[in-house]
1. Would you compute, from DSSP H runs of 4+ residues alone, the mean residue ellipticity of the chain at 222 nm, taking -39500 (n - 2.57) per run and dividing by the full residue count, rounded to the nearest 500?
2. Between (1) 1.00; (2) 1.05; (3) 0.98, which entry matches Rg/Rh (Cα atoms, Kirkwood Rh) as derived from the coordinates of this structure?
3. Per residue, how much accessible surface does the chain expose to a 1.4 Å probe? Answer in Å², no decimals.
4. Report the relative contact order of the chain, percent, no decimals, based on alpha-carbon pairs under 8 angstrom and at least 6 residues apart.
5. What size of dipole, in debye to the nearest 20, comes out for the chain about its Cα centre when the only charges are +1 on Lys and Arg C-beta atoms and -1 on Asp and Glu C-beta atoms?
6. How far is it, in nm, from the label point at residue 75 to the one at residue 51 when both lie 7 Å from their Cα along the line to the Cβ?
7. Leaving out ligands, DNA and RNA, and with a 1.4 Å probe, what % of the accessible surface on the stretch 11-71 is carbon or sulfur?
8. What is the local net charge at residue 40, summed over the other residues whose Cβ is closer than 12 Å to its Cβ (Lys, Arg +1; Asp, Glu -1)?
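The values are calculated or read from the model by the stated rules, or taken from the named source; none is laboratory data. A quick note: this is a predicted structure, and the numbers were derived from the prediction, not measured. Neighbour counts run over all protein chains shown; Cβ positions are idealised from the backbone, glycine included. Please note that ligands, DNA and RNA were not included when accessible areas were found on the heavy atoms of the full protein model with its side chains. Shrake-Rupley method; radii C 1.70, N 1.55, O 1.52, S 1.80 Å.
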Amino acid sequence: MAEQSLEIGSAGIRTARTIEIPRTQRGLAQRLLAACVTAFGRPMTNTMLPRIERAQHRCDIDDLVALAQALEVPLLALLQ
């Protein structure tokens with residue numbers, strides 16, 4: 001079986017950068033947003049969120065749903 005690439009594609013990079021916009025608009029520190037995401041049941045460390053925003057760490061769909069909930073934005077807003 002061929003190994004699957006772990007490289008983040010262009011859609012993943014755009015989404016990663018889009019997460020930062022509502023976070024900064026709300027004046028949320030990365031640490032606080034990570035704590036909110038964890039409170040929604042999706043454990044996120046203080047170092048994980050900055051890496052997601054810089055597209056250095058994959059953000060799976062469960063992370064993305066929890067981020068949308070914590071940011072109080074529609075999930076699709078993070079995918080645009």
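1. One gets -17000 deg cm²/dmol as the mean residue ellipticity at 222 nm.
2. Looking at Rg/Rh (Cα atoms, Kirkwood Rh) for this model, the match is (3).
3. 66 Å²
4. 37 percent
5. Here the size comes out at about 280 debye.
6. Inter-label distance under the simple model: 2.4 nm.
7. 54 percent
8. Its environment carries a net charge of -2.
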